[in-house]
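Comments concern the structure below.
The values are calculated or read from the model by the stated rules, or taken from the named source; none is laboratory data. Everything quoted here is computed from the prediction, not taken from an experiment. For neighbour counting, all protein chains shown are included, and Cβ atoms are generated from backbone atoms with ideal geometry for every residue, glycine included.
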């Protein structure tokens, strides 16, 4: 206000208390003053909004949150002339209580937008007339901003309101403008250097420019970046695309500051300390910081920021997160910033190992042993893995862990695709960020798998760009792939999956590109199979190719050099290729997970791609090479390169994953219990050498089982790099590589010989390897709400071949309003333009809808329901203008209905089970409709459909024939047991067929005509013919049955219409359930509304009988039966207790009356008239009470049975006991 800065309320940094003090400071003297105030002072609050009324020189305060954490919607204003508080009485519909709303002043009005209210975040706009204190909510049109809080708003060009950014479930970056004249919202599509998402920032319009400064980014860090956009007046912002330009604010980073825009000037006030301008962490924690740094600048004086080439590049999200963590490193656990003595010893040993390895293998990739963590501290990769078993049962198996990591973490490409990342953050931070590269995701997955008992490793190697970029546009959707395999194993696909089966088969054929074989005869004797090993053939071909290459090299072609060609393909070390067949050596680095057999029923090694969750056999994986792998115990370097002294690739299909074999894998920490290479006997060393030359172990015949992976090595004189790492510092000798590039120099000959001969004394080769320190990462935890969110921002879209798959959050603020948790769209073309099928999966729907499948090309919709749905529905299949098929949970219905099929305007068919009358089938055939004067010839299908529905609503379709079928009753003879009744209404006759007798091919029957004629068919010629009276009685019973059948058909028609009406209403008013065990989610916010919900939850009639459950697990059938039994028993006990109380009072009254009557009979001759009158009055009252108690007891007995049935029905319909309907 002028040259004065005003501050009201907020949260104190020292003790986190809430205040309602008023401070002011003048820019001239730079002195803070605590201003005493008078009047009706507002209560302490924070997260409120305020505006300055320049017309009346007063400060207007709205809303916020009180010290008791209650949201507010009150209005106070402070008269700045007298510093007196007033609380005006406002009229109109005020905004709901909210916090972090934003406000500005416009034309004598306080404009309030958004905020976080009791029901969630809002995007409503309110205006308070400061002269009449009248609230109003203008009706707006156009594209309004989404609900949000802590956004930035400002007035520009007189009547325009600009809204930028803010926060809902995520931090936003969009820009909207509202014209107060036309009341229309417009979203501005900007270009240029867009400001990153932020909230709690400031915007202002000054001289046709929109300025943006400060705020908090997605990580919660303070931003000092400033941006400017040119917004000329009288422009159509729906068409123009203004450009953002980053402006130089000339301010360094400060962790806590406040700023204002006023009269074209940016003023910044930031926290300092006694060191004036530098915040010390200890002082900040103690609250010993002050507003002692002030800076200001005219907006015209600032200039555009000159960006260098690095700043113009897209910023790496991981590097930004790491930089933010480095800034707040003091708040991280101590193990993130320091090394224990055990860690320091291990790191020194690892440094020696890495140095020696690089000297021995100068052309190999540097070992990824000690990357820096998110606090910029080097850590051993083995200790970064933190085995943890979470309490979510979904993560206890391999498939669940893989799918969780692939969905929960957003994949980010490596900053440098040719090298491993500089930083390897802890799995704890990666789970908190919900994002990471392949190395981060592999570390998290490996930690979870080891935690639940799998033998898992992180593998680093090479993969093609399709893998490293997570491009699945040419792969088949895993959901369809599983279904295709299931159908192939079953032999016959189901009707509902036939389309996807055909599409999946065509996709596989397109991918495999196999020629179509000619169709052979149906019955042909198959020739005997020739058992051949493809693997052995490949190995023999590789050996032949290698021998040919070696012969060519030794035959005089020495100019090419040793490293120009390998069995893997040409090795052009100067060309950086992304790999793949025919593309040279793959250089793009990638990380994935290896699961070895030996634990959890894993029978063979397999690779797991953390970005997709797919599993691959080692022999057929999309990876191009392996460099090294590690787990929480050790680090192994692959020594199976075709050319060890070059940057060649060891293809996973050719690698032997025997980590205990030192000729195949070099361990950083040689495991105790396994002999080292130098400790082997000459015979064992020679055998190892033969195996090394053959590239695998020898079988009983002396032949190699794998191809040649390593040249011949004198293993009898070998010493591992780990041994050299132990000896190097002690011996002080320089270690060099071998002279011959054809020999993998795992050791230097002089060191090996000295080790074997014992030159170093007894301790020369026996120095202990340092123990592996425990993981520096705390135990991993995932909040329940984050786990239910499933994926970052609550949704994830993946494109596959002819398919797109989308998943959504299960619960929380990120979940969809309609309960959808998964959507899969299958297309007929590669361009994904023609939809073949749409699948939508739902959760927590009160209408129990579980899945909906739509076939647009066939106008078909199939809906599937869980138990407890309305009318006991199991599924509905609707073919437009053709038929509807309803399947029911027959145990949830009293009539035992299983299926109802309605052929539109033609026929209705029902099937039953478990009925007392043994009815299993009922159908009704309708008469064909006559013409209605050409009314249906209207060309408009919608109008014709409306007319058809109107006609159906006005009249019922005439029935031509009805049929009923019955199951066999073993108690009755076949000739007396009705099997089928057909009512020909149009023809006026009834036909009755009886069941077939044992061993008979004919059956008895009767036909009754309504004109009195009848036809009788008897199978047994010796059986007496029925009497006319019996036939007449049977005919009368059939007429009654015909009437009942017609009424049942009409009831079915009514139920079909009611089901359609109910489903339409349910889809128009979708509501979701909150599980009874989800107490944490219900108590997300403390408010009066939630206290009422808590009271309702405490009064739940099932809560005393429900067993304790964890997570989202439901009740089993046995548990549901036990809950139902306990609940009914409790009601029964209460009803019996109530009946006993009434009966006891009745017996007491009857006993008292009997005693009084006996006394009257005994003393009647001696009683006075007054005593007789008193006796008669007492008897009348006793009889009245007895009569009342008898009525009450009878009514209680009637109501008790009704209450028992009502509770039983309520239990069957309760969604928490839906497992009662499962068998």
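Do we find that residue 119 is touching a helix residue (DSSP H, G or I) at 6+ places or on another chain (Cβ under 9 Å) and either assigned by TED's automatic domain parsing to the domain that holds residue 23 or without any contact (Cβ under 8 Å) to a residue 12 or more places away in the chain (or both) in this structure? Spell out how you get there, then give the answer.
Values: touching a helix residue (DSSP H, G or I) at 6+ places or on another chain (Cβ under 9 Å): yes; either assigned by TED's automatic domain parsing to the domain that holds residue 23 or without any contact (Cβ under 8 Å) to a residue 12 or more places away in the chain (or both): yes.
Yes: the conditions hold for residue 119.
Check off (1) modelled with pLDDT under 90; (2) within 17 Å of residue 60 (Cβ to Cβ) for residue 144 and give me the number that stays unchecked.
(2)
Name the residue, out of 1159, 1144, 1150, 1154, that is surrounded by 12 or more Cβ atoms within 10 Å (Cβ to Cβ) and under 30 Å from residue 1196 (Cβ atoms).
After ruling out the rest, the residue left standing is 1150.
Restricting attention to the stretch 977-996, which residues are without any contact (Cβ under 8 Å) to a residue 24 or more places away in the chain and farther than 15 Å from residue 1041 by Cα?
977, 987, 994, 996
Going by what's in this entry, would residue 881 be described as surrounded by fewer than 16 Cβ atoms within 10 Å (Cβ to Cβ), within 42 Å of the chain's Cα centre (by Cα) and more than 19 Å from residue 1047 (Cα to Cα)?
yes
Which is assigned to a strand (DSSP E or B), touching a residue at least 12 places away in the same chain (Cβ under 8 Å) and closer than 25 Å to residue 431 by Cα, of 837, 822?
822
Restricting attention to the stretch 306-344, report how many residues are in a loop (DSSP other than H, G, I, E, B) and buried (at least 17 other Cβ atoms within 10 Å of the Cβ).
3
For residue 269, indicate whether it is under 30 Å from residue 325 (Cα atoms), modelled with pLDDT of 90 or more and either touching a strand residue (DSSP E or B) at 6+ places or on another chain (Cβ under 6 Å) or assigned by TED's automatic domain parsing to the domain that holds residue 3 (or both).
Numbers: under 30 Å from residue 325 (Cα atoms): yes; modelled with pLDDT of 90 or more: no; either touching a strand residue (DSSP E or B) at 6+ places or on another chain (Cβ under 6 Å) or assigned by TED's automatic domain parsing to the domain that holds residue 3 (or both): yes.
So residue 269 fails the test.
Among the residues of the stretch 912-940, how many are exposed (fewer than 10 other Cβ atoms within 10 Å of the Cβ) and at pLDDT below 55?
Counting residues in the stretch 912-940 that are exposed (fewer than 10 other Cβ atoms within 10 Å of the Cβ) and at pLDDT below 55 gives 6.
Tally time: how many residues in the stretch 175-198 are more than 14 Å from residue 154 (Cα to Cα) and part of a strand (DSSP E or B)?
6
Checking the conditions here, which among 579, 613, 598 is at pLDDT 85 or above, touching a helix residue (DSSP H, G or I) at 6+ places or on another chain (Cβ under 8 Å) and either assigned to a loop (DSSP other than H, G, I, E, B) or under 16 Å from residue 650 (Cβ atoms) (or both)?
After applying the criteria, what remains is 613.
Checking residue 1020 against (1) surrounded by 16 or more Cβ atoms within 10 Å (Cβ to Cβ); (2) over 24 Å from residue 919 (Cβ atoms): exactly one of these is not met. Which one?
Answer for residue 1020: the failing condition is (1).
Taking the conditions exactly as written (surrounded by 14 or more Cβ atoms within 10 Å (Cβ to Cβ) and farther than 30 Å from residue 788 by Cβ), does residue 1120 satisfy them or not?
No; evaluated as a whole, the condition is false for this residue.
Regarding the stretch 1136-1153, can at least one residue be identified that is touching a residue at least 60 places away in the same chain (Cβ under 8 Å), closer than 30 Å to residue 1116 by Cβ and touching a helix residue (DSSP H, G or I) at 6+ places or on another chain (Cβ under 7 Å)?
No: zero hits.
Identify the residue in the stretch 800-843 that is under 23 Å from residue 787 (Cβ atoms) and over 14 Å from the mean Cα position of the chain (by Cα) and, among all such residues, is surrounded by the fewest Cβ atoms within 10 Å (Cβ to Cβ).
817
Just one of 874, 893, 899 is without any contact (Cβ under 8 Å) to a residue 60 or more places away in the chain, in contact with a helix residue (DSSP H, G or I) (Cβ under 6 Å, 6 or more places away or on another chain) and either surrounded by fewer than 16 Cβ atoms within 10 Å (Cβ to Cβ) or at negative phi (or both); which is it?
893
With respect to residue 378, determine if the residue is surrounded by fewer than 18 Cβ atoms within 10 Å (Cβ to Cβ) and in contact (Cβ under 8 Å) with a residue 12 or more places away in the chain.
yes
Does residue 1042 count as within 24 Å of residue 909 (Cα to Cα) and not in a loop (DSSP other than H, G, I, E, B)?
Values: within 24 Å of residue 909 (Cα to Cα): yes; not in a loop (DSSP other than H, G, I, E, B): yes.
Answer is yes for this residue.
Looking at 61, 112, 22, 51, can you tell me which residue is within 38 Å of the chain's Cα centre (by Cα) and not in a loop (DSSP other than H, G, I, E, B)? Please lay out each step first, then the result.
Details: 61 fails: within 38 Å of the chain's Cα centre (by Cα); 22 fails: within 38 Å of the chain's Cα centre (by Cα); 51 fails: within 38 Å of the chain's Cα centre (by Cα).
Of 61, 112, 22, 51, the one residue that is within 38 Å of the chain's Cα centre (by Cα) and not in a loop (DSSP other than H, G, I, E, B) is 112.
Which of the residues that make up the stretch 396-414 are under 20 Å from residue 433 (Cα atoms), surrounded by fewer than 22 Cβ atoms within 10 Å (Cβ to Cβ) and free of Cβ contacts under 8 Å to residues at least 60 places away in the same chain?
Within the stretch 396-414, the subset under 20 Å from residue 433 (Cα atoms) is 401-414.
In the following step, the residues that additionally are surrounded by fewer than 22 Cβ atoms within 10 Å (Cβ to Cβ) were identified as 403, 407-408, 410-414.
Scanning the stretch 396-414 gives a single hit, 413.
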